[in-house]
Amino acid sequence: MTRATISFMRRGKRVDIEDCDPKTTLLDWLRLEERSTGTKEGCAEGDCGACTVILARERDGKLVYEPVNSCILLLGQADGADVITVEDLAADGKLHSIQNAMVEHHGSQCGFCTPGIVMSLFALSHEGKSKVDRQDVTDALAGNLCRCTGYTPIIKAALQACSDPHPDQFDVKAAETLASFSQLRALEDVFMGNDEQFFAAPAAESSLAFLMQKYPDATLLAGATDVGLWITKGLMPLKRLIWLGRIRSLTTVDETATTISFGAGVTHQIALPYLAAIDPDFGQLTRRFGSRQVRASGTVVGNIANGSPIGDWPPAFIALGASVELRNGFSNRSIPIEDFFIAYKKQNRETGEYIRRVTVSKPGPNDHVRLFKITKRRDEDISSVMGAFRVTVVDGLITQARFAFGGMAGIPKRALAAEAAVVGLAIKDIATWGAGAEGLTEDFAPLSDHRASADYRMRVARNLVIKALAEIAGVPSSSTRISGFREVSHAAE
């Protein structure tokens, strides 16, 4: 069966949208249709956090509150959720504890950013932590900009309100909210519109395969952290959108002793603990990948599917020898992830085909992994250069090496000459490090653009090779990094 509406909960009532432009954002609907103008538009690209709202969803029988950037999240992506905005926090004429703390600590001046900050802290307060520290707060606020107040009073307010959160009206009504999802949990497909213009949300992969065959030019939508910008910044006239968020088989994480597989709907936030368990650098990369809002919406596979030469996951997964599984109709095929990228904006994907899963191989006992993301700011920034390394060392000798880079070519790419230059050499021989760096000149001829010059990129990439091999050889990361230290003593500071 198919329903022709987008349906979600709003203030305890079900909302059914029967007809709207498929590229309508949640922010535009809130402000222009519902007239809930407390949520603000700042950057319109998911960077400043002024538009932050909460989507509450049922996950494994529990209510999960996730902050999202409503400026780039499409209205259809709210299907099946409870939408919470800053207007909903106060109850019985009293401010929410988060709002009270912001007032007490003078956490607001012009106030434009305040609604988004409050909503991010609201999500943090509902994570169920008995103790919240400064790192938790700064991580929660990484996607919220404030240029008036400064962050000190905001962080003080967060520590007060989130360290020992008291039950609020949302906790009291949690069971009622979960029960309300039953009316939104139907397994029918969603198709709002007509053949010329529609928003579709299939409930099963068979339905997705059918849609992809019938509408091969449709835009696949996972988290909209990229597609949303096509709409708000690129002003692209997207007519046919297919959202993957209702297909449960694409939201699974499957783990074995040697591999981890992420379905096309698995978000960065859900993937974080699995990736961090592979190696500490994967945890650091995931946290720097984007803000909480971006991690809650964007997907691991989406970062691969858009084919960006500066995507973060492709180099990291290439270094680990990952593979992608693609589906076309009712047939599947699997290829090494490095073979998926052919040329700039050209991928090894047939008409009507989509990536359904990426499978990552876990490092072996003799494998050493290093990931380095070079950006102009630490949090929520696009890489100028991304370097990923997996080196196998046996009895002090490098027996295998996989180096992969983003930002050095039109596609994420292995550094085959650099790899060959170090295999067979002693890891602690400094000449080994230089040989690997020199090999990059055969592998890449980077371009200059607004993020970095070609010379800068090559210098940085060469240094990353040396840094990775030096750390693997035993040089402490306190000598090679300014953050993200791998030693326990530093990580605990």
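The values are calculated or read from the model by the stated rules, or taken from the named source; none is laboratory data. A quick note: this is a predicted structure, and the numbers were derived from the prediction, not measured. Methodologically, a virtual Cβ is constructed for each residue, glycine included, from the backbone with ideal geometry; neighbour enumeration extends over all protein chains shown.
Observations on the structure shown:
- Residue list for region 212-238, filter: aliphatic (A, V, I, L, M), part of a helix (DSSP H, G or I) and within 17 Å of G265 (Cα to Cα): M212, V227
- In region 386-414, the residues that are more than 11 Å from A468 (Cβ to Cβ), among the aliphatic types (A, V, I, L, M) and touching a helix residue (DSSP H, G or I) at 6+ places or on another chain (Cβ under 9 Å): M386, V393, I398, A404, M408, A409, I411
- Scanning region 239-290 for residues that are part of a strand (DSSP E or B) and either on the phi > 0 side of the Ramachandran plot or hydrophobic (A, V, I, L, M, F, W, C) (or both) yields L241, I242, W243, V253, I260, F262.
- A277 vs. criteria without any contact (Cβ under 8 Å) to a residue 40 or more places away in the chain, of a type in the set (A, V, I, L, M, F, W, C), crowded, with 21+ Cβ neighbours inside 10 Å and out of contact with any His (no Cβ under 8 Å at 6 or more places or on another chain): no
- Test: residue in region 468-491 that is within 19 Å of R414 (Cβ to Cβ), of a type in the set (S, T, N, Q) and not in a loop (DSSP other than H, G, I, E, B): no
- Hits in region 251-265 - residues which are buried (at least 17 other Cβ atoms within 10 Å of the Cβ) and either touching a helix residue (DSSP H, G or I) at 6+ places or on another chain (Cβ under 6 Å) or over 19 Å from V68 (Cβ atoms) (or both): I260, S261, F262, G263, A264, G265
- Considering residues of region 207-247 that are more than 20 Å from N306 (Cα to Cα) and free of Cβ contacts under 8 Å to residues at least 12 places away in the same chain only, the residue surrounded by the most Cβ atoms within 10 Å (Cβ to Cβ): F210
- Residues considered: T286, T256. Of these, the only one that is closer than 30 Å to T480 by Cα and either polar (S, T, N, Q) or touching a Gly at 6+ places or on another chain (Cβ under 6 Å) (or both) is T286.
- Qualifying residue in region 36-51 (condition: assigned by TED's automatic domain parsing to the domain that holds S180, surrounded by fewer than 20 Cβ atoms within 10 Å (Cβ to Cβ) and without any contact (Cβ under 8 Å) to a residue 12 or more places away in the chain): yes
- Positions within region 143-180 being part of a loop (DSSP other than H, G, I, E, B), out of contact with any Lys or Arg (no Cβ under 7 Å at 6 or more places or on another chain) and surrounded by 11 or more Cβ atoms within 10 Å (Cβ to Cβ), in sequence order: N144, L145, C146, C148, T149, G150, D164, P165, D168, K173
To keep it simple, each residue is scored yes or no on (1) in a strand (DSSP E or B); (2) over 28 Å from the mean Cα position of the chain (by Cα); (3) in the same structural domain as I342 (by TED's automatic domain parsing); (4) among the small types (G, A, S).
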position	(1), (2), (3), (4)
Q400	yes, yes, no, no
A404	yes, no, no, yes
A417	no, yes, no, yes
N463	no, no, no, no
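- Under the condition of being at pLDDT 95 or above and in a loop (DSSP other than H, G, I, E, B), the residues counted in region 429-452 number 1.
- Some residue of region 106-119 being at positive phi and of a type outside the set (K, R): yes
- Considering residues of region 107-123 that are crowded, with 22+ Cβ neighbours inside 10 Å and touching a residue at least 60 places away in the same chain (Cβ under 8 Å) only, the residue farthest from I84 (Cα to Cα): C113
- Members of region 340-380 that are within 30 Å of V475 (Cα to Cα) and either in contact with a Gly (Cβ under 9 Å, 6 or more places away or on another chain) or not in a loop (DSSP other than H, G, I, E, B) (or both): V360, S361, D367, H368, V369, R370, L371, F372, K373, I374, D379, E380
- Only residues that are under 30 Å from the mean Cα position of the chain (by Cα), surrounded by fewer than 23 Cβ atoms within 10 Å (Cβ to Cβ) and not hydroxyl-bearing (S, T, Y) were counted in region 85-100, giving 5.
- Scope region 291-313; condition touching a Ser or Thr at 6+ places or on another chain (Cβ under 6 Å), β-branched (V, I, T), over 18 Å from R414 (Cα atoms) and not in a strand (DSSP E or B); matching residues: V294
- Meets criteria (under 26 Å from P446 (Cβ atoms) and of a type in the set (A, V, I, L, M, F, W, C)) for I355: no
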